[in-house]
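Following: one structure in structure tokens, then a few remarks.
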């Protein structure tokens, strides 16, 4: 049975494929811009993913939070760095971000669990 992490990634990929198959120039350019924005540049990828995590939390997008958590995890972000980043998101976004912090921590623990098996 696929894990929550696997289900999220499979669903995201399936729907992204469908969206991109629509051959909409604007959507394709937005996807491309997103991909290029998070590549190594003057800021390391790890930093960019943490910035994406803060923005996603403040905007309260759980799918975006999960995406940036997983990418940050894969780029060597520690749990402590993630929690410090989420503390900034809660400071900026206010207490309404706390439920997203709960979900973020739960997802992070799933990432840790999957990578220790």
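The values are calculated or read from the model by the stated rules, or taken from the named source; none is laboratory data. Since we're looking at a predicted model, the values are computed, not measured. Positions of Cβ are generated from backbone atoms using ideal geometry, with glycine treated the same way; all protein chains shown enter the neighbour counts.
Can you tell me which residue among 46, 103, 39 is modelled with pLDDT of 95 or more and outside any helix (DSSP H, G or I)?
Values: 46 fails: outside any helix (DSSP H, G or I); 103 fails: outside any helix (DSSP H, G or I).
Being modelled with pLDDT of 95 or more and outside any helix (DSSP H, G or I) holds for just one of 46, 103, 39, which is 39.
Which of (1) surrounded by fewer than 13 Cβ atoms within 10 Å (Cβ to Cβ); (2) outside any loop (DSSP other than H, G, I, E, B); (3) touching a residue at least 24 places away in the same chain (Cβ under 8 Å) is the odd one out, the single condition residue 76 does not satisfy?
(2)
Residues in the range 34-55: is at least one farther than 17 Å from residue 73 by Cα, in contact with a helix residue (DSSP H, G or I) (Cβ under 7 Å, 6 or more places away or on another chain) and surrounded by 13 or more Cβ atoms within 10 Å (Cβ to Cβ)?
Within the range 34-55 (the criterion being farther than 17 Å from residue 73 by Cα, in contact with a helix residue (DSSP H, G or I) (Cβ under 7 Å, 6 or more places away or on another chain) and surrounded by 13 or more Cβ atoms within 10 Å (Cβ to Cβ)), the answer is no, since none of the residues qualifies.
Could you grab me the full set of residues in the range 107-117 that are modelled with pLDDT of 95 or more and either surrounded by 13 or more Cβ atoms within 10 Å (Cβ to Cβ) or outside any helix (DSSP H, G or I) (or both)?
107, 108, 110, 111, listed by residue number.
Return yes when residue 28 is in contact with a helix residue (DSSP H, G or I) (Cβ under 9 Å, 6 or more places away or on another chain), more than 28 Å from residue 87 (Cα to Cα) and assigned to a helix (DSSP H, G or I) and no when it is not.
Numbers: in contact with a helix residue (DSSP H, G or I) (Cβ under 9 Å, 6 or more places away or on another chain): yes; more than 28 Å from residue 87 (Cα to Cα): yes; assigned to a helix (DSSP H, G or I): yes.
Taking the combined requirement at face value, the residue satisfies it.
Cβ-Cβ under 7 Å, sequence separation 6+ or interchain: first residue in the range 10-21 and under 17 Å from residue 34 (Cα atoms), partner surrounded by 10 or more Cβ atoms within 10 Å (Cβ to Cβ). Which pairs?
Listed pairs, sorted by first residue: 19/27; 20/28; 20/31.
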